[in-house]
Amino acid sequence: MSEQLQAVTKFLSLSESLETDPAAYAQVLHPDVEQIEYPNLLNRTLQRRSFQDILDNIRAGRELLVEPHVELHRSQVCADGSVMVEAHWRATITSDIGPLVRGQLLAAQFCMIFELKDGKIIQQRTYNCFDSF
């Protein structure tokens with residue numbers, strides 16, 4: 001497995017486990033990382049997150065989700081060193097929030113593009129297609 005793909009799969013594993021230890025993420029995320037989430041059913045506007053924002057978002061996820069799971073369908077390291085990933089994600093909602101109700105399964109298809117610098121993720125662009133809810 002390439003160094004780039006190892007960094008990406010480690011990040012996805014940390015995210016899936018809802019890990020919140022900054023030191024764990026510092027191993028795979030560049031300090032200047034930018035995570036871009038394009039509009040979708042949950043976030044109607046473009047979201048841009050820094051290293052700290054990513055951790056805050058995962059902390060929020062710990063309060064709202066149980067049994068998150070990421071299933072990779074495809075991954076490709078490109079000639080420029082970027083990594084493209086297609087995955088299916090799902091988790092169960094722990095409390096009512098907006099249109100979501102406790103116990104509801106939330107699922108989405110993800111396409112993610114990762115750019116790396118110095119062996120760490122410097123940018124992640126995510127296109128989420130959530131199942132209707």
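The values are calculated or read from the model by the stated rules, or taken from the named source; none is laboratory data. The structure presented is a predicted model; accordingly, all values stated were derived computationally and were not measured. All Cβ positions, glycine included, derive from the backbone under ideal geometry; neighbour counts span all protein chains shown.
Quick notes
- Test for residue 121: is it in contact with a helix residue (DSSP H, G or I) (Cβ under 9 Å, 6 or more places away or on another chain), buried (at least 16 other Cβ atoms within 10 Å of the Cβ) and not basic (Lys, Arg): yes
- Total residues in the stretch 62-74 satisfying the condition of being in a strand (DSSP E or B) and touching a Leu at 6+ places or on another chain (Cβ under 6 Å): the figure is 1.
- Candidate set from the stretch 61-84 (those that are of a type in the set (Gly, Ala, Ser) and within 15 Å of the chain's Cα centre (by Cα)); member that is farthest from residue 6 (Cα to Cα): 61
- Single residue of the stretch 85-106 satisfying the filter (over 13 Å from the mean Cα position of the chain (by Cα) and assigned to a strand (DSSP E or B)) that is nearest to residue 37 (Cα to Cα): 106
- Just one residue in the set 105, 64 is touching a Lys or Arg at 6+ places or on another chain (Cβ under 9 Å), surrounded by fewer than 17 Cβ atoms within 10 Å (Cβ to Cβ) and not β-branched (Val, Ile, Thr); that residue is 105.
- Failed condition for residue 31, given (1) in a loop (DSSP other than H, G, I, E, B); (2) more than 12 Å from the chain's Cα centre (by Cα): (1)
- Residue count for the stretch 25-39 satisfying the condition of being surrounded by 16 or more Cβ atoms within 10 Å (Cβ to Cβ) and either within 24 Å of residue 133 (Cα to Cα) or among the hydrophobic types (A, V, I, L, M, F, W, C) (or both): 4.
- Candidates 37, 67, filtered to the one that is touching a strand residue (DSSP E or B) at 6+ places or on another chain (Cβ under 7 Å), at pLDDT 95 or above and on the phi > 0 side of the Ramachandran plot: 67
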